[in-house]
1. Given a Förster distance of 25 angstrom, what is the FRET efficiency for Asp50 paired with Lys205, based on the Cβ-Cβ distance and rounded to 0.05?
2. Measure off 7 Å from each Cα along the Cα-to-Cβ vector at Ala192 and Asp24, then give the distance between these two points in nanometres to one decimal.
3. Between Glu32 and Asp222, what is the FRET efficiency for a Förster distance of 22 Å, r being their Cβ-Cβ separation, to the nearest 0.05?
4. Using R₀ = 25 Å, calculate the FRET efficiency as 1/(1 + (r/R₀)^6) where r is the Cβ-Cβ separation of Gln107 and Glu170; round to 0.05.
5. For the range 176-187, take each phi angle, set θ = phi - 60°, evaluate the Karplus expression 6.51 cos²θ - 1.76 cosθ + 1.60, and give the result in whole Hz per residue in order, putting x for glycine and proline.
6. Hey, what do the phi angles of the range 189-201 turn into as Karplus ³J(HN,Hα) couplings, whole Hz, using 6.51/-1.76/1.60 and θ = phi - 60°, x for Gly and Pro?
7. Roughly speaking, what is the stretch gain from Glu181 to Ala115, that is 0.36 nm per residue apart minus the C-alpha to C-alpha distance, in nm to one decimal?
Amino acid sequence: DVFAKVKELIREMLGKLQEDAKADEKKHAYCEAQKKEAAAKVDESQSDVDKTTSRIDKADSTIVQLREKITQVQGELSELESMKGEATANRQMEHEQYLVAKKEYEQGIDGVQMAIKVLKEYYGKNSEFLQQQLSNDDHSGAASGIIGLLEVAESDFSKLLAEVEADEEEAQQAFDKFVKESKISKIEKSKALEYAKKEKTRVEKSLSELKDDVEAQQDALDANLDFQSKIKKECAQKVETYEERVSRREAELQGLKTALQILEEETADTSFLAVKRTVRRHV
């Protein structure tokens, strides 16, 4: 029976198309799931790399700032030592100048006092001569005038001595204050320097660990990108899209179903006519 063979062939073709449709649908579902999973993994890996890279950049910036801080504080400590040395040298020089001036003024005072004492003792023993000098118009007040001048000189020397002693005391107080403040400042800066060095060491260690982390994360990202690329190639539509294949297959299925229906109707009609002829023949 030719029609029976044709119908069987059509049924086989329909079955094959339906199997292909199911396989294609299954592959499409697989590809969509794999692409979604691959994209999620890539996004997660990229996010990890971006976060760690950001932390690395921040650590690099912190290290640069700490290096600048260390250099700055070291410079300040060096300058502080230089200022202290200079101040100490100046104070020593001022003190030596003070000692020289003090000795000169004290010697001047001692000399004047000795002269006044000698003159007073001399004129005390020679009171008659002193009276004659005082009564003489040409020499009136000469002796007392000399003593008066010496007393003025003594007073001047005493004032100068008092001034240099006051200046020395003031300079020493200022120097002592500077030394005390310098000592405090040195302690503070030394602590700041120690902290900056420790912090720099800590951040450098953290940076090394972050670089190891980002290297591993980059490897994971590369692996996920490779997987994503393979999935895209595996699921790539070379000629037509999934939707186009579905539409084409549905059209083919519908055509085959229609052809099968027509053949079945033709077969039914043919069988009916054959039966009718047989009945007439027997009548």
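Just so you know, all these numbers are worked out from the coordinates, no wet-lab data involved. Note that the structure is predicted; figures quoted are calculated from it, not measured. Every residue, glycine as well, gets a Cβ built from its backbone with ideal geometry; the counts of neighbours run over all protein chains shown.
1. On the way: r = 22 Å, r/R0 = 0.90.
So, using R0 = 25 Å, E works out to roughly 0.65.
2. 7.6
3. Numbers: r = 24 Å, r/R0 = 1.08.
Efficiency at R0 = 22 Å is approximately 0.40.
4. On the way: r = 24 Å, r/R0 = 0.95.
Efficiency, from the Cβ-Cβ distance: 0.60.
5. So the Karplus estimates, Gly and Pro as x, are 4, 5, 4, 4, 5, 5, 5, 5, 5, 4, 5, 4 Hz.
6. For the range 189-201, the Karplus curve yields 5, 5, 5, 4, 5, 5, 5, 4, 5, 5, 5, 4, 4 Hz.
7. Values: separation 66, 0.36 × 66 = 23.76 nm, distance 4.85 nm.
Extending this stretch completely gives an extra 18.9 nm.
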